[in-house]
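The structure under discussion appears below in the form of structure tokens.
The values are calculated or read from the model by the stated rules, or taken from the named source; none is laboratory data. All values derive from a computational prediction rather than experimental measurement. Cβ: placed from backbone, ideal geometry, glycine included. Neighbour counts: every protein chain shown. These area figures cover heavy atoms from the full protein model, side chains too; ligands, DNA and RNA do not enter into them. Shrake-Rupley method; radii C 1.70, N 1.55, O 1.52, S 1.80 Å.
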Amino acid sequence: MISSVLEEKRRFKPTKQFLAGSQGPNEKALELIRKKAARNPEAFWKAQAQNLVWKKAPKKVLSGKAPHNTWFADGRINAAFNCIDVHLTTHRRNKAAIIWEGEPGDIRTITYLQLSIEVNRFAHALTKTLGVGKGDVVGIYMGMVPEAVIAMLACARIGATHNVVFGGFSGDSLRDRLNDSKAKVLITQDGVHRKGVATPLKAAIDSSLKEVPSLRHVVVLERTQQDAKMKMGRDVFWDQLVKGMDTHHEAEGFPSEHPLFILYTSGSTGKPKGILHTTGGYLTQAKYSANIVFDFQDRDLFFCTADIGWITGHTYVTYGPLLCGASIFLYEGAPTYPEADRFWRMIERHRITIFYTAPTAIRTFMRLGDEFPNRWDLNSLRLLGSVGEPINPEAWMWYSRTIGHERCPIVDTWWQTETGAILISPIPSATTLKPGTATRPLPGMDIDVVDKSGKSCKPNVGGLLVIKKPWPGMLRTIYGDEKRYIGAYWSEFPGSKKQAPFYFTGDGARKDKDGYFWIMGRVDDVVNISGHRLGTAEVESSLVAHPSVAEAAVVARPDEIKGSALVAFVVLRADVKPEYVAALPEILRAFVAKQIGPIAKPDEVRITGGLPKTRSGKIMRRLLREIVTSGVTTGDVTTLEDMTVLAALRQDDE
Ligand code: WTA
């Protein structure tokens with residue numbers, strides 16, 4: 001049993017302003033959809049699949065036994081055709097597919113027709129000039145430029161499997177991911193604009209690329225006009241490559257289970273896992289979820305701040321919105337360049353209507369102060385979203401007030417690289433929101449909180465978050481490591497003759513009386529204090545509710561008496577008076593004890609200048625745990641954003 005002690009009483013119904021501009025279901029209609037989907041999930045998913053255009057319509061829906069299910073297996077489909085061509089015969093032909101702003105301030109608008117032309121030319125170039133065929137793996141290592149999306153779609157169009165590697169990773173991380181997937185071609189850039197500087201990209205990876213024997217060609221997009229050393233016969237500039245290519249391209253239908261992409265994600269231990277997603281099921285789930293969660297209307301401009309190097313950049317920058325015929329907004333650079341108001345300024349400039357970001361960004365903006373968002377007119381916004389971590393109620397309230405002006409619902413969306421798409425989320429036209437919960441599973445999903453034996457937990461009793469029935473967008477395996485696939489996700493609840501196995505998410509959660517899911521973080525972030533298991537996220541949430549605290553991470557160290565003792569790492573807000581700092585650890589301990597209860601009171605509070613984070617903004621609690629237990633950090637730190645934070649924390653320890 002995982003104890004849960006925070007109670008949130010605030011409730012927010014869909015606002016009148018939002019409902020006036022929405023076509024989503026109301027609460028009653030949503031309940032009907034839910035019930036119908038639960039009665040016959042396969043019929044439900046079949047209907048969702050019919051919202052795509054198939055080259056050969058599938059007769060099958062779900063086949064195989066978990067964890068080796070297939071979806072729509074006898075169907076044939078082309079992902080790029082569904083993202084682009086289907087719109088060309090509609091009023092969307094000349095609608096913006098992508099509105100892009102470069103960090104220096106340059107702007108490009110690419111209509112669906114123009115996107116089609118670019119993708120088709122690049123698709124021809126990949127097959128004809130570079131010899132890429134179906135099933136070949138193509139690495140993409142780029143910044144946030146439209147060509148990154150074009151490259152993904154061109155791969156999808158010809159049945160090549162893309163492997164996008166976040167442009168912030170080192171050459172060695174790139175090399176490992178290309179080798180693990182045996183990539184044949186890499187698409188990259190000469191350089192990227194970040195924080196006002198043009199930084200070389202290609203030059204920084206050249207030596208690592210020598211250690212990728214499968215690599216035949218490297219395509220280089222010129223963005224910063226930095227001298228990229230080109231290797232004769234292997235490297236080619238993007239512009240030269242596509243010159244003269246046919247702008248028409250016949251899209252072939254590929255089997256539904258054809259691999260669409262591999263995306264590497266870190267586990268809490270060991271080397272990165274290559275999550276494999278296939279085509280028909282993934283597209284079905286991406287389109288369905290994007291539509292129901294983001295309530296796309298033709299006039300919307302959707303800004304998802306995720307980089308294409310993450311799953312959110314796959315499903316909600318690229319596939320989901322384009323399948324729905326939405327306009328996506330892409331931004332190249334840093335959110336704080338030239339000033340910390342860049343996002344808000346772009347929202348005003350482009351009249352962005354839907355904004356989807358991560359709690360870590362929200363907490364950062366909260367820390368920087370209201371002055372920045374208050375400079376700009378944010379009235380075009382009608383919906384806000386959050387993803388990636390539990391959003392603590394105080395950050396939720398700030399987001400709702402300061403960015404959403406109490407007019408915009410917030411969709412707190414729970415999902416994983418492995419799930420392919422959002423699985424737990426409010427439906428903004430229907431759901432009564434409570435700050436801090438992703439609310440309920442989307443219709444069609446069977447998700448539960450269970451104890452170790454697999455039995456459903458009672459309301460408000462913490463347990464393990466599992467998915468009980470297969471879903472179309474589920475990962476199919478870990479690329480090249482079937483054993484790890486079974487071990488990581490399917491061995492906790494292996495099922496029996498009568499009972500199919502459950503997919504184990506690795507997250508702890510509780511369900512409240514209304515059936516809302518409160519995610520308590522990874523189970524390896526769950527600690528046992530005096531016989532109570534406590535989600536460290538709840539203690540963090542309490543700390544962040546204190547006016548002096550900007551960010552907090554809580555980990556456990558072994559304690560002879562209590563089993564574990566809690567250590568809180570706390571980053572203060574910029575405006576905290578220096579003379580106040582010395583007293584704060586005691587004040588914060590008392591604050592948590594009062595908010596949650598004495599069991600949750602941190603044994604130690606350490607004030608620090610920063611927390612170690614992954615490039616996607618997740619706090620690396622594993623490193624903090626190592627610091628508090630042994631004082632040294634071991635294992636993989638390739639995803640760490642800023643090594644100096646780690647060095648500083650280690651010093652603090654001495
Ligand atoms: C966490 C990101 C609470 C969770 C799409 C999950 C969340 C992991 C939420 C997956 C949320 C994601 N509330 N926790 N709304 N969304 N998580 O693969 O622990 O980068 O297991 O996918 O992030 O992270 P990933």
For Leu260, enumerate residues with amide H under 5 Å from its amide H, sequence gap 5+ or separate chain, H modeled in the peptide plane.
His277, Thr278, Thr279
If I stretch the segment between Lys60 and Val86 completely, what's the gain in nm (0.36 nm per residue apart, minus their alpha carbon distance), one decimal?
7.0 nm
I need the Kirkwood Rh of region 501-616: take the reciprocal of the average 1/r across all distinct C-alpha pairs and report it in angstrom.
15.2
DSSP loop GluC sites (Glu not before Pro) in region 2-88 with at most 13 other Cβ atoms within 10 Å of their Cβ, which ones?
Glu7
Once you have the alpha carbon radius of gyration of region 45-167, what is it after dividing by 2.2 N^0.38 Å, with N set to its residue count?
1.21
Listed residue pairs exceeding 24 Å between alpha carbons, taken from Lys434/Lys613; Lys46/Lys469; Lys182/Lys469; Lys60/Lys468; Lys184/Lys210; Lys287/Lys498:
Lys434/Lys613; Lys182/Lys469; Lys287/Lys498
Hey, what's the Kirkwood Rh for region 380-434 if you take every pair of different alpha carbons, in angstrom?
11.8
Quick one: length gained pulling Glu31 to Lys498 fully straight, 0.36 nm per residue minus the C-alpha distance?
165.2 nm
Helical mean residue ellipticity (222 nm; -39500 (n - 2.57) per DSSP H run of 4+; nearest 500) of the chain:
-7500 deg cm²/dmol
Listed by chain and number, the residues whose amide H is under 5 Å from that of Leu330, excluding neighbours fewer than 5 places away on the same chain and using placed H, are Ile99, Trp100, Glu101
Roll a 1.4 Å probe over the protein heavy atoms and report the accessible area of Ser491 in Å², nearest 10.
70
Give me the net charge of Glu551's neighbourhood, meaning all other residues with Cβ under 10 Å from the Cβ of Glu551; Lys, Arg count +1, Asp, Glu -1.
+3
So what's the angle, to the nearest 10 degrees on a 0 to 90 scale, between helix 146-158 and the longest Cα principal axis of the chain?
60
For Leu566, what accessible area in Å² do you get when you roll a 1.4 Å probe over the heavy atoms of the protein chains, rounding to the nearest 10?
0
Please compute one quarter of the surface area of the Cα convex hull for the chain and express it in square nanometres.
27.6
Relative contact order computed over the chain (Cα-Cα under 8 Å; 6+ residues apart), in percent
14
Alpha-carbon centroids, region 585-634 and region 93-152: separation in whole Å:
43
Rank these residues by their accessible area, most exposed first, probe 1.4 Å: Arg10, Arg606, Arg510.
Arg10, Arg606, Arg510
Separation between the Asp74 and Lys134 pseudo-spin-labels, each 7 Å from Cα along Cα→Cβ, expressed in nm?
1.8
